[in-house]
Amino acid sequence: MPEISGMRSLVNSANISGNSAQASKDFKTFESAAGGLRHQEELLANEASDGRQRFLVWQAPQALIVGPTEGRLSNLTTAANHLRSEGWPVVRRHSGGSTCPVSSETLQIAIARLGVPGVTIETAYQQLASLICTVIRSYGLEPAVGIIPNSFCPGRFDISISGRKVAGLSQRWHHTGGRMIVTTASTLIVDGGSRYLVQAVNLFYRFIGKTNFCSESAVGSLRQSLPAPLVGDNLLDDVSHRLLREWSSAASIQTLEH
Amino acid sequence: MADIVIPNDLWDVAITPEGIVANWFYADGSDVPAGATVAEVMAEKSTFDIAVSKAGHLHVAVPKDGVVKPGTVIGRIDDA
């Protein structure tokens, strides 16, 4: 049975000092998904312009985060009003892809870095996908990377366990202050079931007139995949801790290699 | 005159053959300042700002929703 740490408090901002391969990490809880997204898209990107990679894990109450294409639909406001009345605020994001649900049972994960030569859409996705998969493996599970059809916001870097998507990734390359900041972000479904998340997305799709709905069987959670309850069970805290630790470990390796 | 080009190595066309121009932030024929983000390209669930280094007169070559790949010239900036 995989063990988790008894640590409930999460790591605060920490800098790995040394040389140009510095990176910082942070965990935050926001009162709204809009606030979390604003922090991720603005503050994180601004901070990364100094050349250091930034890593953020955050959590917020439930919301639907829509991508640029759906965010420009003429009936978005009407749909958003309906969803808000159902308890699902609708927030627009800048990174690509379609609608993605977040909740107190999901973790939002982001890496922000300068878009320097050698950084491509592919390498940036691989960096975050690799980190998340390493953490999932630490629970004795075997993740796969590849598109999961009929999941919400499907993409080539979907992370799944036993055929059910547990994480999706998207990216934004933002030109600001004369620099290109690459932010790769993910929603990782950690706790609880996934049905209510899929239902929220499908409700939104109904209101905007989409007909290709998500399938509940295409989406899962880390919790659902675990073979047995964990010792000292606070899965969200534990996953956050492992993500931050894995990031620190990867950053340390980079420091040593320089 | 300067071409507005999608970076050559932005994504692997062997895996993702094409993207689209998701948005133009300035109208064809308008004057744009140096450093302005003039367009947004989308591929692989990624959005990519296209900025211009010099000020000038914008000419759009690939309209919104047009299909593009790395290396595509999507417009040009003529001297103001």
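Averaged over its residues, how many other protein chain Cβ atoms are within 10 Å of peptide A:168-175's Cβ atoms?
On the way: counts 1, 3, 4, 7, 6, 9, 6, 10.
Taking all residues of A:168-175 together, the mean is 6.
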task: Could you give the C-alpha radius of gyration of segment A:150-210 expressed as a fraction of 2.2 N^0.38 Å, taking N as the number of residues it contains?
output: 1.41
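Accessible area per residue, 1.4 Å probe, Å², for segment A:68-224: what's the number? If you can, show how the numbers build up before the last one.
On the way: 5950 Å² over 157 residues.
Accessible area per residue, segment A:68-224: 38 Å².
Using only alpha carbon pairs under 8 Å that are at least six residues apart, calculate the relative contact order of segment A:140-236 and give it in whole percent. Write down the numbers at each step before the final one.
Numbers: 159 pairs, mean separation 26.8, N = 97.
Relative contact order here is 28 percent.
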query: Using a 1.4 Å probe, how large is the accessible area of A:Lys210, given in Å² and rounded to the nearest 10?
result: 60 Å²
Compactness of segment A:81-193 - radius of gyration and Dmax, Cα, Å: 15.0, 46
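Quick check: at a probe of 1.4 Å, how many percent of the accessible area of the protein assembly as shown sits on carbon and sulfur atoms? Numbers along the way, then the final one.
Details: 7300 of 14350 Å².
Carbon-and-sulfur percentage of accessible area, whole number: 51.
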query: At a probe size of 1.4 Å, how large is the accessible area of A:Ile208, to the nearest 10 Å²?
result: 20 Å²
- request: Report, by chain and number, residues whose modeled amide H sits under 5 Å from the one on A:Phe27, excluding near sequence neighbours (fewer than 5 apart, same chain).
  value: A:Ser13, A:Val57
- line: Over all pairs of different Cα atoms in segment A:204-246, the reciprocal of the mean inverse distance gives a Kirkwood radius in Å of 13.5 Å
query: Using the Cα gyration tensor of chain B, with a ≥ b ≥ c the square roots of its eigenvalues, what is the shape: rounded (a/c below 1.5), prolate (a/b larger than b/c) or oblate (neither)?
result: prolate
task: Enter the Cα centre distance for the pair segment B:1-21 and segment A:27-104, rounded to the nearest angstrom.
output: 27 Å
- request: Take every residue in peptide A:64-72, count the Cβ atoms of other chains within 10 Å of its Cβ, and give the average of those counts.
  value: 2
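If you place +1 on the Cβ of every Lys and Arg, -1 on the Cβ of every Asp and Glu, and leave all else neutral, what size is the dipole of the protein assembly as shown about its Cα centre, to the nearest 20 Debye?
On the way: 28 positive and 32 negative charges, 101 e Å.
So the magnitude is around 480 debye.
Sort A:Ser221, A:Ser74 from largest to smallest accessible area, using a 1.4 Å probe on the heavy atoms of the protein chains. Please list the in-between numbers first.
Values: A:Ser221 0, A:Ser74 120 Å².
So, going from the largest accessible area down, we get A:Ser74, A:Ser221.
Rounded to a whole number of µm²/s, how large is the Stokes-Einstein D of the protein assembly as shown at 20 °C and 1.002 mPa s, given Rh as the Kirkwood radius over C-alpha pairs? Mind dumping the intermediate values first?
Numbers: Rh = 20.7 Å.
Value of D from the Cα-based Kirkwood radius: 103 µm²/s.
Got the relative contact order for chain A handy, in percent, Cα pairs under 8 Å and 6 or more residues apart? It would help to have the intermediate numbers written out before the result.
Values: 538 pairs, mean separation 62.3, N = 258.
After rounding, I find 24 percent.
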field: Extent along principal axes [Cα atoms of segment A:132-258; Å; largest to smallest]
entry: 51, 48, 23
- request: At 1.4 Å probe size, with no ligands or nucleic acids counted, give the accessible surface of A:Arg84 in Å², nearest ten.
  value: 130 Å²
- prompt: Buried accessible area for the B:A pair, summed, 1.4 Å probe, in Å² rounded to 100?
  reply: 1700 Å²
field: For the protein assembly as shown, with +1 on Lys and Arg beta carbons and -1 on Asp and Glu, the positive-most of A:Gly178, A:Ser98, A:Leu236 along the dipole
entry: A:Leu236
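The values are calculated or read from the model by the stated rules, or taken from the named source; none is laboratory data. Since the structure is predicted, the reported quantities are computational estimates derived from the model, not experimental observations. As a convention, Cβ positions derive from the backbone with ideal geometry for all residues, glycine included, and neighbour counts pool all protein chains shown. The accessibility values were calculated without ligands, DNA or RNA, using every heavy atom of the protein model including side chains. Shrake-Rupley method; radii C 1.70, N 1.55, O 1.52, S 1.80 Å.
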